[in-house]
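Written out below as structure tokens is the structure these notes cover.
Derivation of every value follows stated rules applied to the coordinates shown; laboratory data play no part. Everything quoted here is computed from the prediction, not taken from an experiment. A quick note on method: Cβ atoms are made from the backbone with ideal geometry, for glycine too, and the neighbour counts reach across all protein chains shown.
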Amino acid sequence: IDSSDLFGSVFEAPPLVSVVPVLVPLPVPGPYSYAVPEGMHVEPGSVVQVPVGPRQHIGVVWDGVNDDKLDPKKLRSITLAFDCPPLSADMRGFIDWVATYTLSPPGLVARMAIRAPAALDPEPMVEGLHYLGGVPERLTPARAKVLELVANQPGPWTRMGLAHAAGVSASVVDGMTGKGMFDTVFLAPPPVVARPDPTYAVPRIEGPQKEAAAEIVEPVRAGGFSASLIDGVTGSGKTEVYFEAIAEALRQDKQVLILLPEIALTASFLERFQDRFGAKPAEWHSDLSPRMREKVWRGVVTGEVRVVAGARSALFLPFEELGLIIIDEEHDPAYKQEDRVFYNARDMAVVRARLGNFPIVLVSATPSVESQVNGLSGRYNTVHLPTRFGDAALPDLHLIDMRRHPPERGGFLSPLLLRQMAKTIEKGEQSLLFLNRRGYAPLTLCRVCGHRFQCPQCSSWLVEHRFRNQIQCHQCGYHQPTPEACPDCGTLDHLVACGPGVERIAEEVERHFPDARTIVMSSDMLGGVKRLRLELEAIANGDVDIVIGTQLVAKGHNFPLMTLVGIVDADLGLSNGDPRAAERTFQLLSQVTGRAGRTGRKSHGLIQTFQPLHPVMQAIVSGDAEAFYEREIEERQKAILPPFGRLASLIISADTRADAETHARGLRAAAPQVTGISVLGPAEAPLALVRGRHRFRLLVHGRRNSDMQAFLKAMISQGPKQRGSVQIQLDVDPQSF
Ligand code: ADP
Ligand code: ZN
């Protein structure tokens, strides 16, 4: 048969080829149009592959009308449509919203949400072993162990699972398999994660937690958008309270997202979750293997994964039916991303909940000024947990006035702190010395000529790291071996360390307590996250007497034996001219001292400061957070600073200082005249040189109701053309200003 006979009618009316907009993960202003090949089915949200220039990219079919004037024949076609559920309309709306608010290319926002699902091979079947009965001829003690086990539980077992459970090596199992003692069966691949069960364990809530939980659960039961804030001191049982909100969402068959600032290090959180729900949540953070990343992403899109605990980037996971977001430690600066798309995951999470019409719960011992104000205005429903759970008391906090109790020459620890550390060791308890500075010393110079070691590409000093025998730039990561001779005057053995880092404090501690088991915890630790997790476990098990750590140890951990926290330099964050400095310092100090005394032992916090009368220090020791926040809020209100006003920062950078400055001036000159909005600068950015790029900054300040985005857009489009190496980084709602 001639096929033209059969399909003749089709050839007369040309096949209907449609055109759809596709968002590609590139810094371009919007979606591109593509032709849909005949027979391919796509809809808004479909994940597809398309050609852009010479390369293939993953993209999402976007919303919007097709431009009829476009001729599909002249357009490039979608290469393939992936077999996975489309991104929901809510998710697409959220991506557009974030792009508009942060003034980022929508493709770069979408890039955080999509992956190439085809990259995932089907999960291999697992081979299982089933005991057939019988006893091997040669019954070694190891084989006897296996036998004893399978006699009661014939399986099927996985090879490693059986070896593990019997406490023998896998070769023992292999030997027995060779003797024909097991039947090989195929097991279905294990799910990404087991399903958390809201009825698995009874809720652990008592007394004030009950009331708090009732208030938090009610809006989840009711459904629809609402925002709640759990404001409770460290150890008050906030986690158990928000677990009840999660249980309610699970009962309603909704997916749940828990955001945590340091998820990679919070293994204990996952275990607590498992105790309550019988299964761990899926994790999402930068330390996941690519394969796990694929699995979790797919599980989230298909709905197989019900609960994700993740870092800020988890906010862009395209859940099938998200019904609740929890943000633990909502005040934490780690929620701000300052790279490519500048966004605050806490603020954007509230937006996502609003757009998706479901509840969100913010949690903190020291809520941000923004959230406090939202609580006061009634936008958030606040519940308070003012005391620790059970018989645990907050630590006794004291300031050490360093002018009156100075350390010995060359040291940084006051005799008062050292004495308390000695007592703590005597009792078999643990101390934590907190200093938010990695390395040995923040500044190193030559004792003969005064040469300072500066990064060749940044305006920052190189920091000596003795454990690694390196000097490092904390801006760009540049490092070199610690030089033996001064590069300027050639003197050998020349280095003088100025000021302390954690490594230097460790040296001082070892001088005073040579027999104590001491550990330095910072992100420099060799062995990465795995090693850090192990060390955190060792601390929790009481295998360490003294911990010297950066903020890495400040967050969320529960160390039962820790009864003393010493703050080495409480003034460290106060002097940088940032209006948020007081708030941040207060939050950090509360959080760090909150590591002490979580299991009912009497505990102490000693805070070394040169400014004992500073409002932050007074607020910390008086425990009167309310008065502190009242003042902060009042000052922000007076100066029309966030959340009473709006801010944006523009960093203009270029290969030469002149290019950066000229462009910044040009932008400033192009700023439209709008009442209520003013532009400050340009001035050299706080880091004037980073990775060889010179940086200037413009700050835009507006009243609360001003249209910041329209203003910034106008300024940039009317400003000088971006030429050569000039780049602009736009940060709406910057962290520091
Ligand atoms: P927060 O999140 O406020 O810091 P947690 O939820 O971690 O406080 O609780 C502090 C400690 O008290 C934890 O060890 C937790 O297991 C325990 N805890 C909290 N609530 C209960 C409860 N109702 N019953 C038993 N233990 C509890
Ligand atoms: Zn550098």
> Counting pairs of alpha carbon atoms under 8 Å apart in space and at least six apart in sequence, what relative contact order in percent does the range 277-325 give?
Replying inline: 42
> Fewest to most neighbouring Cβ within 10 Å: what's the order for Asp339, Asp733, Asp183, Asp231?
Replying inline: Asp339, Asp183, Asp733, Asp231
> Taking the Cα centre of the chain as the origin, how large is its charge dipole in debye, to the nearest 20, when only Lys and Arg (+1) and Asp and Glu (-1) carry charge on their Cβ atoms?
Replying inline: 1340
> What ranking of Lys238, Lys210, Lys254 emerges when the number of other C-beta atoms within 10 Å of each C-beta is taken as an exposure proxy, fewest first?
Replying inline: Lys210, Lys254, Lys238
> Can you give the % of DSSP beta bridges in the chain that are antiparallel, to the nearest 5?
Replying inline: 55
>> What distance in nm separates the two pseudo spin-label positions at Gln252 and Ala627, each 7 Å out from Cα along the beta-carbon direction?
In response: 4.2
> Residue separation times 0.36 nm, minus the C-alpha to C-alpha distance between Ala683 and Ala658: what's the value?
Replying inline: 7.7 nm
> Given Thr302, Val732, Ile651, which one lies farthest toward the positive end of the charge dipole of the chain, if we put +1 on the Cβ of every Lys and Arg and -1 on the Cβ of every Asp and Glu?
Replying inline: Ile651
> From the residues Leu564, Ala506, Thr491, which one has its Cα farthest along the dipole of the range 477-596 in the positive direction, the dipole being from +1 and -1 charges on Cβ of Lys/Arg and Asp/Glu about the Cα centre?
Replying inline: Leu564
> Given labels modelled 7 Å from the Cα in the Cβ direction, how far is it in nm from Asp391 to Glu338?
Replying inline: 4.6
> From the cross-link list Lys555/Lys602; Lys210/Lys427; Lys423/Lys555, which pairs have alpha carbons spaced over 29 Å apart?
Replying inline: Lys210/Lys427
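What length, rounded to one decimal in nm, is gained on full extension from Phe610 through to Arg409, with 0.36 nm per residue of separation minus their alpha-carbon distance?
Numbers: separation 201, 0.36 × 201 = 72.36 nm, distance 1.67 nm.
Computed gain between Phe610 and Arg409 is 70.7 nm.
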> When N counts the residues of the range 461-527, how does its alpha-carbon radius of gyration compare numerically with 2.2 N^0.38 Å, as a ratio?
Replying inline: 1.27
> Which one of Ile400, Gly411, Gln454 is farthest out on the positive end of the charge dipole of the range 396-480, using unit charges on Cβ (Lys, Arg +1; Asp, Glu -1) and the Cα centre as origin?
Replying inline: Gln454
>> Show me the three semi-axes of the equivalent ellipsoid for the chain, from the C-alpha gyration tensor (sqrt of 5 times each eigenvalue), largest first, rounded to whole Å.
In response: 44, 40, 28
> Under a point spin-label approximation (7 Å from Cα along Cα-to-Cβ), what is the Lys638-Arg723 distance to one decimal in nm?
Replying inline: 4.6
> Glu43 label point, 7 Å along Cα→Cβ, cut-off 17 Å on backbone N: hits in the range 294-309?
Replying inline: 301-303
